[in-house]
Amino acid sequence: MNPSGKSKQLTMVAVPAIKGHMEKHFRPLLSSVETTTGVKLNFIEASSYDDAIDRLKDGRAQLGWLGQSAFIEASHDVSLEPLAVAFTAGNKVSVYRSVFLVKAGSPYSEIADLKGHRLLLTEHGSSSGDVMPRHTLAQLNLNPEIHGNFSEVIYAGSQESAVSELLAGKGDLAVISKINLEKMFHDGSLKKKDIKIIHYSDPIPGAPIVAVSGMEASLKKQIQEAILNAHKTGPVDGYGENIDSYHTPEEARASFLSSYLKPAVSFTTIAFIASLVISTVGVSIHLKVNPITIFASFSYFADIIGRMLPPDFSDLGALLISMFETIEIGFLGTILATILSIPIGLVSAKNITPSKWIYYPARLITTFFRAVPEFILAMILVISVGFGALPGILALGLHTMGFLSKFYAEEIEHVRNGPIEAIEAAGASHMQKITFAIIPQILPNFVGYSLYIFDRNIRMATILGIVGAGGIGYRLISSFRMFEYREVSAIIIIIFITIFLLDAISSKARHAVK
Amino acid sequence: MVEFVNISKTFPDGTAAVHNVSITAPEKEFSVILGPSGAGKTTLLRTVNRLVRPSSGKVLVNGTEITDANQRQIRSDVGMIFQQFNLVGNLSVLINVLSGCLGTHQKWWSTLYLFPKVYRLKALDLLDRVGLLDQAYKRADELSGGQQQRVGIARALMQEPRVLLADEPVASVDPRTSQEILKLLKDLCKEKNLTVLCTLHQVDLALQFSDRIIGIADGEIILNEKSSKLDVEKLKTIYSSKNHGLFFGPTTESANDPQNINWNQ
Ligand SMILES: Nc1ncnc2c1ncn2[C@@H]1O[C@H](COP(=O)(O)OP(=O)(O)O)[C@@H](O)[C@H]1O
Ligand SMILES: [Mg+2]
C-alpha cells in the first residue's frame, strides 16, 4: 500500500496484564495498522513488567503497551512517546479500577478490618495490582510500606495467581484489576460466590500505546494515524472493556478530566435561588404589596416634602438641648447594658460557665430582653416609673444587655483553644484562665460591640422619645402633632448630623482598639 | 528574570528591613533566598509583586520595571505561594485553584464563582498534577497542611505565571512533606520554565533544591552563588560571623545532631 513502509517491520511489546491473552486483544488493531501502513508488526507478550521495559530500552521492541504506572515509571529509563489511548463506546476514555477482594465467608467487610493481615498483590509495577492498591491503601491510612499495617505483602506473580492464592488461604486481601476479575468470571475460572468485593479504587485512566522516541518521525506519525483511524475499517480491541476506538493522548487526558467535571452551578444552588424568588413573589402577593401603589403615591410624598421646606430652626437652642439629652440617654443605656452583660455574658458562654444551673437562666434572661422590643419595654416602664429619661435608659439598657451578652458569650465560645490549653497546662486557675487566655482574645471585639451598641442606642433613643421617654423624639412627635412640618425637618436634620458625627467618631474608636 | 536594583525598605515604624539590595534572579532558575527569621526575606520577596512598596530602588520583572501604573499587569505574570497557604477555607479546592486566573478572567460572572469549562478542566489538570484530583470538590480547610500547600501551588500555576514567588512554602508542614512539596514545586517549575524565587530558612533544603542561593542577613545580601559551588560547611562559615538562627540540621529525618540546630523561628 504505502511504498515507504514496504519491507519495514516493527515489534510491539505488551505487559502481561492478562497472561497469555495479550496478543489476542491487540491483534485486531495491529492487523488494521499493517494493512494501512504496509509495516509488518510483530507482537510479544513480555514475561513481566520489567521485561517489557527492557525490550523497549535495548531496541528489541519499538512499540509498547505498558499499563499506566509502568508507562510512567518506564519514562525515567527510556524515552517514550504516547501515541494513542483506547476509548470506549460513547466516546469516553476507557478507565478501569482495582478491586479489593476477600474470600467469601471471611469476617472482613471493609478495608480497615484487614489491618495486620496478609496482602496479596499481583506483580511489581502493575497499575491495578500494585501501584493503585498501594496508593488507595495509603489514603485509607493503611500504607503497606508502614510496618504493622499488613503482616505480609505478597506478590503472587499475576492477577490470576493473586486470586488463586487468596482462595487457597495464602493471603487475606487480594487486589486485582476489575477487567481481569470480569474476564475470570466470564471464562469460568472464578465463581462469583467464592469471593467478596469490599472496595473499588478511584478510576485509572487507560494506558497509551507508546513508541520509542528514537523512531523515525514520519513512520511514527504514519503508525499513529493508522491507530487513530483503525476503528473506521473494523472493530478494534485492547486491554479494557468495550474498546471501540483510539484517540490522541491529549483527547484522552481531556476526557479523563471531564469525568471529574461537575456542573458549574449545582442543582441545590438553582433550587435555592428559585425558592427565594418564588417566596418573595408569593409573600408580596399575600401582603398585597403592589409596586404600582408605591409610584402612584409619589405625588403625596412630594407634597409633604414641600410642606417641610424650608426647615425652621427658630427654636434651635431648645432643640439642641433635647438632642443632647437623647445622647445622654443612649450613653447611660449603653453603660448599663455593658455592666450587666459582662457577668451575664461570662456565665452564658458554654465553655466557661460554672454550672448549667446558671447557664440556662442566664440564657433565658438574655433571650427574653432581646425578644421584647425596647419600644414595648419603654411603654411599660413609662407607665410604671413615669415620663422622662429614666424609662428610656432602662429600656435601652435591658434590651441591648440581651444583645451584648449574646455577642460576648459567642465571642468567648469561639476563642482559640490553644492559648487556653497552654495556660491550663501551666496549672492556672479558672479565673486566671479567663484573664490570661480569654479576655485578651475577646477584648478588641468587646470594645467594638459596645461602641456599636452605643451608636445604635442613640439612634433608638430618638425614637423612644415618642412614647414619652424623653429627649428629642418627644419634640419630634409634638411637632408632628401640631403640623409644624418645618420644625420636623429641622429636627431630622439635627438628628442626621448628630448620628453622622457619632458614626465617624465611633468607627475611628473601633479601629483604634483593633 | 527578576532584577533588584538598590532596593531598600524602611517600614513606617522605622524598621529598616532591607538595605540597598542589588541582585538578579536569573531566568528559569530556582533561586532560594536563604536567611534566618527576621532577615528581610519576606520583605524583599514582596517587593517583586509590590505587596511591599520599596522605599527606594526598583524591581524589574522580565526587563520591565514594576510601578504603580503597571503593577496589576505585572502581577498577572507573577504567581505567589504563601507560608500559611492563604486558601479560602470554606470554598472548594477547585474554586480556590480557579481563583488563580482571576487576573485574566475578569468577566462579571467570575464573581459568582462561574468559570468556563476550559478553565475548570485546566484547574482539574493542575490538581491532578499535584495529586489532588479526587479532592477537587472538598472544602479547602478539610485538607491537611501539605495538601493545602499543593492547592496553593496549583492556584499559583493556574495564572500561568512566568515568575513564581514562594515565601517559606514549607515552614508550616512536616519535614517529609517539605521534601515532597519542594520536589513537586521544583519539577513543575522546570517543566513550565518558570523563574522561581523561594525564601527558606533551612540550609539543607536550600542546598538540595535550589539552583542558586542568595544569602541574606539583617537586610543585606551576604552571598549569591550557584548551589553546586556551596556546601553546608561553607554556609556555616559565612553565617557564623553573625550567629543567626539558621536551621542547619537535616530536615529529612529527625535532626540527629543537636549542636547543629539553632532554630529561633
Ligand atoms: N509591616 C511591618 N512593619 C514593621 N516592621 C516590619 C513589617 N514587616 C516586617 N517588619 C520587620 O522587618 C524585618 C524583616 O522582616 P521579614 O522580611 O518578615 O523577615 P523574614 O521574612 O526574613 O523573617 C523584621 O525585623 C520585621 O520585624
Ligand atoms: Mg518571612
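Each value in this text was obtained by applying a stated rule to the coordinates, not by laboratory testing. Bear in mind the structure is a predicted one, so any value in this text is a computation, not a measurement. Heads up, the Cβs are rebuilt from the backbone with ideal geometry, glycines too, and the neighbour counts pull from every protein chain shown.
Please compute the net charge surrounding residue A:407, taking Lys and Arg as +1 and Asp and Glu as -1 over other residues with Cβ under 13 Å from its Cβ.
0
Taking R0 as 25 Å, what's the FRET efficiency between residue A:315 and residue A:483 from their Cβ-Cβ distance, rounded to 0.05?
FRET efficiency, residue A:315 to residue A:483: 0.95.
How large is the convex hull of the Cα atoms of segment A:106-214 per residue, expressed in Å³ as a whole number?
Taking only Cα atoms, segment A:106-214 has a hull volume of 125 Å³ per residue.
Share of antiparallel DSSP beta bridges in chain B, in percent to the nearest 5?
Numbers: 21 of 40 bridges.
Given both bridge residues lie in chain B, the antiparallel proportion sits at roughly 50 percent.
To the nearest µm²/s, what D does Stokes-Einstein give for segment B:55-104 at 25 °C and 0.890 mPa s, using the Kirkwood radius over alpha carbon pairs as Rh?
Translational diffusion coefficient: 189 µm²/s.
Taking the beta-carbon count within 10 Å as an exposure proxy, list B:138, A:350 from fewest neighbours to most.
A:350, B:138
Along each of its three principal axes, how wide is the spread of alpha-carbon positions in segment B:1-40, in whole angstrom units, largest first?
Largest first, segment B:1-40 extends 36, 22, 11 Å along its Cα principal axes.
Between residue A:331 and residue B:184, what is the FRET efficiency for a Förster distance of 51 Å, r being their Cβ-Cβ separation, to the nearest 0.05?
Computed FRET efficiency for residue A:331 and residue B:184: 0.30.
Under the Kirkwood approximation applied to all pairs of distinct alpha-carbon atoms, what is the hydrodynamic radius of segment A:213-301 in Å?
By the Kirkwood definition, the hydrodynamic radius is 19.7 Å.
How large is the convex hull of the C-alpha atoms of segment A:324-483 per residue, in Å³?
Dividing the Cα hull volume of segment A:324-483 by its residues yields 103 Å³.
Of all alpha-carbon pairs in segment A:30-106, indicate the percentage at a distance above 20 angstrom.
Looking at segment A:30-106, the distances longer than 20 Å represent 51 percent of pairs.
Please list, or write none, the aspartates and glutamates whose alpha carbon is within less than 16 Å of the alpha carbon of residue A:221, excluding same-chain residues fewer than 8 places away.
Cross-link targets: A:34, A:81, A:250.
Would you mind computing, in nm to one decimal, how far apart the modelled labels at residue A:196 and residue A:410 are, each placed 7 Å from Cα along Cα→Cβ?
Label at residue A:196, label at residue A:410, 4.9 nm between them.
Considering only chain A, what is the antiparallel percent among its DSSP beta bridges, to the nearest 5?
Expressed as a percentage, antiparallel bridges in chain A total about 60.
Could you give me D for chain A, from Stokes-Einstein at 4 °C and 1.567 mPa s, where the hydrodynamic radius is the Kirkwood radius over C-alpha pairs? Units µm² s⁻¹, please.
D, rounded to a whole number, is 41 µm²/s.
Rg and Dmax of segment A:197-356 over Cα atoms: what are they, in angstrom?
38.0, 101
Assuming R0 = 45 Å, can you tell me the calculated FRET efficiency for the pair residue A:164 and residue A:221, based on Cβ-Cβ distance, to the nearest 0.05?
Between residue A:164 and residue A:221 the formula returns 0.55.
Which three numbers, in whole Å and largest first, are the semi-axes of the equivalent ellipsoid of segment B:111-222 derived from its Cα gyration tensor as √(5λ)?
Its equivalent ellipsoid spans semi-axes of 28, 16, 13 Å.
Over the Cα atoms of segment A:1-149, what radius of gyration and what Dmax do you get, in Å?
Rg then Dmax for segment A:1-149, in Å: 19.0, 64.
Would you mind ranking B:189, B:101 by Cβ crowding within 10 Å, fewest neighbours first?
Fewest-to-most Cβ neighbours within 10 Å comes out as B:101, B:189.
Label-point separation (nm) for residue A:248 and residue A:146, each offset 7 Å from Cα along Cα-to-Cβ?
Taking the two extended label points, one gets 4.3 nm.
Take the Cα atoms of chain B, find their three principal axes, and give me the spread along each one in whole Å, biggest first.
56, 45, 35
Report the full-extension gain for the segment residue A:275 to residue A:357: residue separation times 0.36 nm, less the Cα-Cα distance, to one decimal in nm.
Residue separation times 0.36 nm, minus the Cα-Cα distance, leaves 25.3 nm.
Per DSSP helix of 4 or more residues, -39500 (n - 2.57); summed, then divided by the residues of chain A. What does that give at 222 nm, rounded to the nearest 500?
After summing the helix terms and dividing by residue count, I get -18000 deg cm²/dmol.
Among the listed pairs B:138/B:183; A:40/B:190; A:24/A:262, which are separated by more than 30 Å between their Cα atoms?
Going by Cα-Cα distance, A:40/B:190; A:24/A:262 fall outside the 30 Å limit.
Please give the length that would be gained between residue B:224 and residue B:1 if that part of the chain were fully extended, namely 0.36 nm times their separation in residues minus their C-alpha to C-alpha distance (nm, one decimal). Intermediate values should be presented prior to the final figure.
Numbers: separation 223, 0.36 × 223 = 80.28 nm, distance 1.53 nm.
Separation in residues times 0.36 nm, less the Cα-Cα distance, equals 78.8 nm.
Contour minus end-to-end for residue A:385 and residue A:91, with contour as 0.36 nm per residue of separation and end-to-end as the Cα-Cα distance?
Contour length minus the Cα-Cα distance gives 97.6 nm.
Could you work out how far apart the two model spin labels at residue B:65 and residue A:303 are, taking each label as a point 7 Å from the Cα in the direction of the beta carbon, and quote it in nm?
Reported label-point gap for residue B:65 and residue A:303 is 6.8 nm.
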